[in-house]
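Working notes, beginning with the structure itself.
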Amino acid sequence: MGPEGTTSYTYYHNVSTGYNDDHVSQIIGFYGDETDLTYDALMRVKTKKKIVDGINYTTTFTTDTYGDVTKAVYPDGVTVSKVYDRNGSLTATKLQDGATGVVKNVFTATKINGAGVYTGYTLGNGKSSQITYDMTMGRPTRYYTSGIQDLNFVFDNNTGNLVSRKDAIHNLTETFTYDNLNRLTGNKVNNVQQFHIDYDNNGGVSLGNIVAKSDAGKYVYNATKINAVAYITDTGSNGSMPPPNISMNEQKIGYTPFLMTDSISEDGVVVRYKYGFGYSRVKSIKSVNGSITETRYYFGSFERQIKGSTNRYIHYLHNGKQLYAIAVKTGNTPVKIYYTYTDYLGSILAVTDSVGTVIARQNFDPWGRHRNATNWSYSNVSSVPDWLYRGYTGH
């Protein structure tokens, strides 16, 4: 029990011994969410039922002798089957929509190096991908899929800092500079400065605070609250005015008793978050001028999105190293599989349809801000499908 309310746990009762063991059979969170678990003979999770807002979401699992989940049947009827090698690495993924749906190949590993890292794979769109590594340092140097992605990375072997990244398809190169404490001080795109950062250095002692960022302004800190920004002023001639690229709308952020974000509101738009046991997010509600426009439910790699009159179930397919597909089931229509291409941070940069045609591109600056994917500017940033609401680092 905490300031947020009570979370209760019920443990599995072993009929043969007459005792409860340490396997949880039910959790009721302080929000009212409920999780019910059943187990097989070896006490591996067999079913997981989540109840949120009175709606039951049950997933059934099949596990092999090594403890790897080989099949999961999700609440929307989608079945994801997986095959592993003797080292426990995923080698293939198949997806079936309903009990009688066509089984589709989604992911096939073609090469795994000695470190257990995927260096070659083919997706269900028919496209083959290669990832090249510097095996001395273990860092990726290239992500390549013909016509879809060609990213090249250079790292400083002494510090591990990213020195440059290049998108060979769009002929864009971004370089980075750092100070002696390995803090980012600036970047250039095709040799054009994008921003510069100055840090505090009071008498040679730094708190790590930014004092100025060229594309934002000068940072002024609260005198009584360490590291707390009080306000930002323009770096130009109007030093007392906010920088023009920062909104003048007031943004309010509310917090829960356990210090998680409860709500964010600005200019009539409000997003509220609900949390379950373990303080994990289970729901978000977005409203505009008092009317709910979107609701999302979060169940790990499976999510539900209600936007207007559209109801979607979204599956994120991952091989333990990277996201390779997003399966979307809208209403009662057949599931659609979209294939994703990321960088080493996990940022979703390109998405294709079932035949390998790119339907969406994203790009992000070092701070995670959306950029135009074709020129890396902040102008004319393309929209993406409603179900593609994750991006930078996959969040």
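Taking GluC sites (Glu not before Pro) as candidate sites, keep only those in a DSSP loop with at most 15 other Cβ atoms within 10 Å, then name the longest stretch of the chain containing none of them.
Numbers: sites that count: GLU4, GLU250.
Answer - 5-249.
What does the convex hull of the Cα atoms come to per residue for the chain, in Å³? Don't jump to the answer; show the numbers that get you there.
Working: hull volume 80.1 nm³, N = 395.
Residue-normalised Cα hull volume stands at 203 Å³.
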Lys/Arg +1, Asp/Glu -1 at C-beta; the chain dipole; positive extreme among SER382, VAL103, ASN187: VAL103
Long pairs among LYS188/LYS274; LYS48/LYS252; LYS127/LYS213; LYS46/LYS94, criterion Cα-Cα beyond 31 Å: LYS188/LYS274; LYS48/LYS252; LYS127/LYS213
Aspartates and glutamates near LYS166 by alpha-carbon distance under 17 Å, same-chain residues fewer than 8 away left out - which ones? ASP134, ASP150, ASP156, GLU174, ASP343, ASP365
Cα-based reach from LYS49 at 16 Å (exclusive), listing aspartates and glutamates while leaving out same-chain residues under 8 positions away: ASP33, GLU34, ASP36, ASP40, ASP76, GLU303
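Taking the Cα centre of the chain as origin, sum charge times position over the Cβ atoms of Lys and Arg (+1) and Asp and Glu (-1), and report the length of that vector in debye to the nearest 20.
On the way: 38 positive and 33 negative charges, 154 e Å.
Taking the Cα centre of the chain as origin, the dipole is about 740 debye.
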Just need the relative contact order of the chain here, percent rounded to a whole number, with Cα pairs under 8 Å and 6+ apart. 7 percent
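Quick one, can you get me the convex hull of the C-alpha atoms of region 171-246 expressed as volume per residue in Å³?
Details: hull volume 9.1 nm³, N = 76.
Value for region 171-246: 120 Å³ per residue.
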Which residue fluctuates the most in the chain, going by a Gaussian network model with Cα springs under 10 Å, if the choices are THR233, THR330, THR340? THR233
For region 171-246, what is the charge dipole size about the Cα centre, in debye to the nearest 20, if Lys and Arg each add +1 at the Cβ and Asp and Glu each add -1 at the Cβ? 100 debye
Hey, what did region 171-246 get for relative contact order, percent, Cα under 8 Å, at least 6 apart? 16 percent
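Each reported figure results from applying straightforward, stated rules to the coordinates on display, with no laboratory input. Being a predicted model, the structure only gives us computed values, none of them experimental. Please note: Cβ atoms are built from the backbone with ideal geometry, for glycine as well, and neighbour counts cover all protein chains shown.
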